[in-house]
Each structure stands twice: as structure tokens, then as C-alpha cells.
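Structure first, then comments.
The values are calculated or read from the model by the stated rules, or taken from the named source; none is laboratory data. None of the values given here were measured: they were computed from a predicted structure. Virtual Cβ from ideal backbone geometry, glycine too; neighbours counted across all protein chains shown.
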Amino acid sequence: MNLKDTRLVVIGGAGFIGSHIVDQLRREPVREVVIVDNFVRGTRPNIAAALRDPRVTLVEGSITDRAMLKRVVAGADGVFLLAALWLYECVHEPRSAVEVNIDGTWNVIEAVREAGVKRIVYSSSASVYGDALAIPMTEDHPFNNRTMYGATKIAGEQFLRAVYEQHKLPYLGLRYMNVYGPRMDYKGTYVSVIMKVLDRIAAGQRPVIFGDGSQAYDFVHVDDVARANVLSMESAAADKCLNIGFGVQTTINELVQVLLKLTGSSLTPEYKPNEQMFVTNRIGSTELAEQLIGFKATVPLIDGLRSVVEWRRQGEQVK
């Protein structure tokens, strides 16, 4: 899809990833960007600058509101669907997870299809894979998920696959690895360690590592993830779910050492017995995303973490 003069809807657009997608869309020749958010996870500061752009509007509401969705997507060229409850809510409030992540996702798909929207880009998750059975995980890796969150993301993918088969609604699903960057918070199960370590360092306390720190993940910067979304909207590829990651495995030990270096701290990590971790080993193959949408992550870990440190420092100065 050529983005020139398009009307695009970003559902969950005030969230961590969604707000960065909005920022990148503002650099494109789009006609209008509509942010939909109920501010359960998103925040107003995330989109404050974007809302000063006359092409950007905000609609407050939930994907459980079918009437609102139909009004908003009418006349849209493309829709980005990011709104969802996270792992914590899925564990402790499974009924809400079903109502939002499953029923809500279907509400969006239904509204998009009925409105004749040209394309939908769905934020899925590497959680669908569970623990890796092979490294790196390709998109053909089996669903080894054992979490409610992962189950809801699998459901969303399967909804889109079925609707494509029946109605040929073009879609791409994006299976994010471990996304981090400015505007991140403490709700990301595998990346919240970044914020917690920086909190401890700022307080002059030793950063805590649970277990032996060998748990390893694929960390990908939010700027890269937002760019993957824009490329997916522009692409002609359809009916696929793609890994979106950096393709490099980083242990928690390595992550903490980089943060200590960036902050100039002489503290040493403190090791404690392992807390519950849903996944301990994950890295995704990036070949299919590069082939189909031309995406390859470009932000190295040290530069990405530096952007988080600087963002936090700016926030402290504002306070």
C-alpha cells in the first residue's frame, strides 16, 4: 500500500509500541492518523507531541466497544491492531484477557472486514512459541506456548488466517521478540529487568539478577519494531506471521553489564533464587521478515539501551 493520502487507524496507539508507530507515520505523507486507546496501558504523555500534528486525532475507547470500532474504521485504508492485555493480566484476570484479547480482537477484525479496509497489521508475540525447541526459531516453529497470553495471541493469528481464507482480507501478523526502548514500562515480563536494574543503580543499590543470569532473549529496539509495522502496511505480502527481532541472543548477565557500563556504575550484580519465568530461552530467525517486507533490525543493543538511559534521565530532569 502506498501511504500517500491514506487514513490509518492505530488501535492501542498511546501504548509503548503504538505511540512509536504513530511517530513514524507522521514522517510519511499520510492524510490522517487516528489513535484509538482507552489508556489502560497507554499514556497521554506518549502521544502528547503527536497530537500537536493536525493530521493526528484521538478516539478514547476500548476494542470491546463494537459500535465505536465500526465508526472509527469506516473510511480507513489500513489498521494497526496493538491493543491487548499483557502477561500479568492474563495470569491474574483470565476472563478479562478473553474479553479483550480474544473477543476484542475479533471485534476489530469484523469491523475492518465489513468496512472494506485494505489491510490490517496485527501485533502478535513470540510468546506463541513458548520455550524454543530449536534455535533460531523460524516461523514454522510449533506453538509450544503454555501461557494464557500466548493462547490469546494464537487465537488472533488464527482468526486472521480464517478470515483471509474466507474473505481474502490482507493481513500480516508480527511476532515480536523482546521489545525495549523509550516509553517502556514495568509490564513487559522479559524486558522489565531493564527498568528495575536502572532503578537499583539510580538508588546506589546492586542490581538483582534472578537465577544464574544465563536466561537469554532476543532484544529488539522499539524504533525497529515500529518500522517493521510501517513496512508491513506498505507491503503487498499477506497471510503470514513474521518474527520481528534483532536475531542476536543476549543473556541477562550481558544485559546488566551493558547497563552498568552505560551508567558508569561500579556496582556488581546480586544473585537471588530464580522467580517464575515463563520462557528462559528465545531467539527468532529474521530471514522471512527481511525477505517479505524488507525488514532488518538496525539498532545495536548498546545504542538501544543508551536511548533508554537518556530517556529516563530526561524524565528525571522534567520532574
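Name the residues in the range 111-157 that are in a strand (DSSP E or B) and within 17 Å of residue 244 (Cα to Cα), would you?
At the first step, the residues of the range 111-157 found to be in a strand (DSSP E or B) are 119-125, 137.
Of everything in the range 111-157, those that are in a strand (DSSP E or B) and within 17 Å of residue 244 (Cα to Cα) turn out to be 120, 121, 122, 123, 124, 125, 137.
Would you check if residue 196 is surrounded by fewer than 19 Cβ atoms within 10 Å (Cβ to Cβ), assigned to a helix (DSSP H, G or I), at pLDDT 95 or above and not acidic (Asp, Glu)? Steps first, answer last, please.
Working: surrounded by fewer than 19 Cβ atoms within 10 Å (Cβ to Cβ): yes; assigned to a helix (DSSP H, G or I): yes; at pLDDT 95 or above: no; not acidic (Asp, Glu): yes.
No; evaluated as a whole, the condition is false for this residue.
Name the pairs: first residue in the range 266-279 and among the acidic types (Asp, Glu), second residue surrounded by 11 or more Cβ atoms within 10 Å (Cβ to Cβ) and at pLDDT 75 or above, Cβ to Cβ under 9 Å, at least 6 apart or on different chains?
Within 9 Å, the pairs are 270/200; 270/205; 270/206; 270/207; 270/208; 270/209; 275/210; 275/211.
Out of curiosity, is residue 299 buried (at least 18 other Cβ atoms within 10 Å of the Cβ), modelled with pLDDT under 95 and in a loop (DSSP other than H, G, I, E, B)?
Working: buried (at least 18 other Cβ atoms within 10 Å of the Cβ): yes; modelled with pLDDT under 95: no; in a loop (DSSP other than H, G, I, E, B): yes.
In short, no.
Report yes if some residue within the range 158-169 is in a loop (DSSP other than H, G, I, E, B), touching a Phe, Trp or Tyr at 6+ places or on another chain (Cβ under 8 Å) and of a type outside the set (Lys, Arg); otherwise report no.
Residues of the range 158-169 that are in a loop (DSSP other than H, G, I, E, B), as a first pass: 168-169.
Going one step further and asking which of them are touching a Phe, Trp or Tyr at 6+ places or on another chain (Cβ under 8 Å), we end up with none.
Within the range 158-169, not a single residue is in a loop (DSSP other than H, G, I, E, B), touching a Phe, Trp or Tyr at 6+ places or on another chain (Cβ under 8 Å) and of a type outside the set (Lys, Arg).
Taking the range 14-56 on its own, how many of its residues are within 15 Å of residue 228 (Cα to Cα) and under 15 Å from the mean Cα position of the chain (by Cα)?
The qualifying residues number 9.
Filtering the range 216-241 down to residues that are part of a strand (DSSP E or B) and in contact with a Ser or Thr (Cβ under 8 Å, 6 or more places away or on another chain), which residue is nearest to residue 118 (Cα to Cα)?
As a first pass, look at the range 216-241 and keep what is part of a strand (DSSP E or B): 216-221, 240-241.
So of that shortlist, the ones also in contact with a Ser or Thr (Cβ under 8 Å, 6 or more places away or on another chain) come out as 216-219, 221, 241.
On the way: 216: 38, 217: 34, 218: 32, 219: 31, 221: 28, 241: 18 Å.
Looking at the filtered set, the residue picked out is 241.
So, in the range 242-265, how many residues would count as being assigned to a loop (DSSP other than H, G, I, E, B) and without any contact (Cβ under 8 Å) to a residue 40 or more places away in the chain?
Start the filter on the range 242-265 by keeping residues that are assigned to a loop (DSSP other than H, G, I, E, B), which leaves 245-248, 263-265.
Those still in the list that are without any contact (Cβ under 8 Å) to a residue 40 or more places away in the chain too: 264.
Qualifying residue count, the range 242-265: 1.
Check whether at least one residue in the range 242-258 is surrounded by fewer than 14 Cβ atoms within 10 Å (Cβ to Cβ) and either at pLDDT 95 or above or at positive phi (or both), and report yes or no. Before you say what the answer is, go through the steps one by one.
Kept after step one, since they are surrounded by fewer than 14 Cβ atoms within 10 Å (Cβ to Cβ), are these residues of the range 242-258: none.
Taking every residue of the range 242-258 in turn, none turns out to be surrounded by fewer than 14 Cβ atoms within 10 Å (Cβ to Cβ) and either at pLDDT 95 or above or at positive phi (or both).
Among the residues of the range 69-80, are any among the aromatic types (Phe, Trp, Tyr) and under 20 Å from residue 225 (Cβ atoms)?
If we filter the range 69-80 for residues that are among the aromatic types (Phe, Trp, Tyr), which is where we start, we get 80.
Remaining after also requiring under 20 Å from residue 225 (Cβ atoms): 80.
There is at least one residue in the range 69-80 that is among the aromatic types (Phe, Trp, Tyr) and under 20 Å from residue 225 (Cβ atoms).
The rows are residues; the columns are (1) in contact with a helix residue (DSSP H, G or I) (Cβ under 7 Å, 6 or more places away or on another chain); (2) buried (at least 24 other Cβ atoms within 10 Å of the Cβ); (3) more than 24 Å from residue 72 (Cβ to Cβ).
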position	(1), (2), (3)
93	no, no, yes
120	yes, yes, no
135	no, no, yes
152	yes, yes, no
156	yes, yes, no
179	yes, yes, yes
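Enumerate the pairs (first residue in the range 179-192 and part of a loop (DSSP other than H, G, I, E, B); second residue anywhere and at pLDDT below 65 and surrounded by fewer than 20 Cβ atoms within 10 Å (Cβ to Cβ)) with beta-carbon separation below 9 Å, excluding pairs fewer than 6 apart on the same chain, so at least 6 apart or on different chains.
As it stands, the answer is 189/277; 189/278; 190/277; 190/278, since those pairs meet every condition given.
All but one of (1) in contact with a His (Cβ under 7 Å, 6 or more places away or on another chain); (2) modelled with pLDDT of 95 or more hold for residue 115; state the number of the condition that does not hold.
Result: residue 115 fails condition (1) only.
Going by the structure shown, is residue 213 small (Gly, Ala, Ser), touching a helix residue (DSSP H, G or I) at 6+ places or on another chain (Cβ under 9 Å) and under 18 Å from residue 137 (Cα atoms)? Write out each step before concluding.
Values: small (Gly, Ala, Ser): yes; touching a helix residue (DSSP H, G or I) at 6+ places or on another chain (Cβ under 9 Å): yes; under 18 Å from residue 137 (Cα atoms): no.
Criteria not met by residue 213.
Against the conditions (1) assigned to a helix (DSSP H, G or I); (2) in contact (Cβ under 8 Å) with a residue 40 or more places away in the chain, where does residue 96 fall short? Just the number, please.
The number of the failed condition is (2).
So which of 225, 208 ends up being β-branched (Val, Ile, Thr), surrounded by fewer than 18 Cβ atoms within 10 Å (Cβ to Cβ) and under 24 Å from residue 147 (Cβ atoms)? Show your work before the answer.
Numbers: 225 fails: surrounded by fewer than 18 Cβ atoms within 10 Å (Cβ to Cβ).
Within the list 225, 208, the selection yields 208.
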